[in-house]
Every structure is written in structure tokens, then in C-alpha cells.
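The values are calculated or read from the model by the stated rules, or taken from the named source; none is laboratory data. Bear in mind that the values here come from a model prediction, so they are computed numbers and not experimental data. In this analysis, Cβ positions are derived from the backbone assuming ideal geometry, glycine residues included, and neighbour counts consider all displayed protein chains. Calculation scope for accessible area: heavy atoms of the full protein, side chains included, ligands and nucleic acids excluded. Shrake-Rupley method; radii C 1.70, N 1.55, O 1.52, S 1.80 Å.
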Amino acid sequence: MPDIWLHASCALSFRVAVPTPMVLMLRPRSGSGQWVASEEYRLSPAVPVQEFTDGFGNLCQRLVAPVGNFSIQTSASVRVTTQPPPPHDAPFVEVPDLPPETLGYLLPSRYCESDRVGDLAQEIVGDRTPGYAQVVAIAEWVREHVRNTPGSSTYPVSAVEINARREGVCRDLAHISIALCRALSIPARLVVGYLQDLEPMDVHAWFEVFVGGAWYTLDPSVPRSGAARIAIAHGRDATDVAIYNQFGPLLLPEQMDVTVTRHDGPL
């Protein structure tokens, strides 16, 4: 499929009462399906930043936010390749044959309690062929039974809680999908990034599964699975992919603005 150029930006502003250590995760990196042609990262006021790569390969920025008004502005021009869906019969990969780096995505995690949803997973997939066909059944079930309501939860909610509520934000729908896939021994991980034409526009979350020897994207919170995306970070669940973590007194952004636009080439 043809490549698409996207320009994405995120602006955060804080009112900081005490010096606050932070770890940010706001830089996409080049990799499978995307190439970062240019980017900008501005802090106001400017403070020292230490960048490191976490255990999942995500780019993280470590700093101490100073007292007063503090803002973060990032943008990136990225060439993305829209991934075609795999064949519906993309096979289940037996656990002994999985690459070592996928094994951690089989285990229960804080927000994806796969050890508690096994019966539900089996009920959903029925007699579907093991592999991608099962994952499609799970995504369809989540889209039908869990209402996507932007703004309905301001903090991460676990798969078990979402199954009881039957309502959540994109991150929550991804959590229950991941837990159901892992309950069937299908590696699944959470991805955070930008989605073209999302309404309302915000940082977005979806999930990926490992079937047929590769990772594939699914998104139960939007009807169009082929929309262009920029991945910022991936991990086991929301614990691993927060766009910022702060340490000390609670610090919430006074304002957050996200834009994603399509263009004809690098900016």
C-alpha cells in the first residue's frame, strides 16, 4: 500500500508547585511501518534532559519540571506505511515457537488480567480457527459490547473492570482485548500514538497481536481499521506507555492539544 505522510504535534502545559521529576514518552522512533523524517521538541523554560531507551525500546526523556509555568511542545513529520490486514487464516504460533521477545506479552499484567478472562475468551472465539480469526472475533466482540466513550475514564482501568462497566476510552477497550488474546496464548501488547482523523483528536491507544510470525494492528475503538497511525510507544499495558509520569504531588496538565494532519512530504 502507498506510504502516507503525517505531521503530528502534542502540546502540554503545567502549573508546577514544587520541583517535579518527570519521565516523558513523546518521541516516536523510526521502525517497522514508520520513518521519522523530522521532529521538534521544545521545553519552556528549557531544562536539562536525559534521554534513555526503556526495556521495550521506547524513547524516554527524564527531567525535573521547575516551579511555575512549564510547557512541552513536540512535533514530528513521519512517513507511515498503512499495514494491510493479514490473511484471515494467519495462524496461531505455538508457544514453543514464539520469538523470546514476545513471551512477556503472554503474561497477565496490571491492567490486563488474562488469568481471569479465560472462560470469556473461549466463549467469544467459539470454534474459530486459532490465530488471527480468533483475534478478529475478540475485536468485534469488544466493539459490540463495550461502548467507546471519550472522557469516560481519566485513569487506566483494568480488563476485568471494563468487562463489568461495558464502557471506557480507547485505552480501556485495548486492555480488555489484550487480556482476552493473552488468555488464548496469543501475544498482545498496547500501543500509544497518533491516529489520523480521530474525533475528538487526542493521543490514541490500540493493540497489536503476534500471529503468523508478525505483529498486526487492531483497534476496537474505531470503525476504520486502516487509518494511518504513528506509534509512539508500546508495552504490556498503560503502566508501560504513559506519555508522562510524574513523581511527587499530583500534577495534571492545565491544557493539552494534539493535532494530526496529512501532507505530501516531509515538513
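With unit charges on the beta carbon (Lys/Arg positive, Asp/Glu negative), name the residue among 77, 139, 125 whose Cα is farthest towards the positive pole of the charge dipole of the stretch 64-189.
The listed residue farthest towards the positive side: 77.
Assign unit charges at the C-beta atoms only (+1 for Lys and Arg, -1 for Asp and Glu), then state the dipole size of the chain relative to its Cα centre in Debye, rounded to the nearest 20.
Result for the chain is approximately 540 debye, rounded to the nearest 20.
For the stretch 1-150, how big is the tail of P(r) above 19 Å, as a whole percent of Cα pairs?
71 percent
Using only the alpha-carbon atoms of the chain as identical scatterers, what base-10 log of I(q)/I(0) does the Debye formula give at q = 0.09, 0.11, 0.16 Å⁻¹?
So the normalised log intensities are -0.41, -0.62, -1.26.
Just to be sure I understand the curve: with the Debye formula and one point per C-alpha of the stretch 186-230, what is log10 I(q)/I(0) at q = 0.16, 0.26, 0.28 Å⁻¹?
Values, matching the q order: -0.42, -0.97, -1.08.
Find the accessible area per residue for the chain; the probe is 1.4 Å, ligands and nucleic acids are left out, and the unit is Å².
48 Å²
Quote the relative contact order of the stretch 129-256 in percent (integer), defining contacts as alpha-carbon pairs under 8 Å separated by 6+ residues.
Relative contact order here is 23 percent.
Report, to the nearest 10°, how far helix 170-183 tilts away from the longest principal axis of the Cα atoms in the chain, using its own Cα long axis and a range of 0 to 90°.
On a 0 to 90 degree scale, this one is about 40.
Compute the long axis of helix 132-145 from its Cα atoms, compare it with the longest principal axis of the Cα atoms of the chain, and write down the angle in degrees, 0 to 90, nearest 10.
70 degrees
Got a number for carbon plus sulfur as a percent of the chain's accessible area, 1.4 Å probe?
The nonpolar share, carbon plus sulfur, comes to 51 percent.
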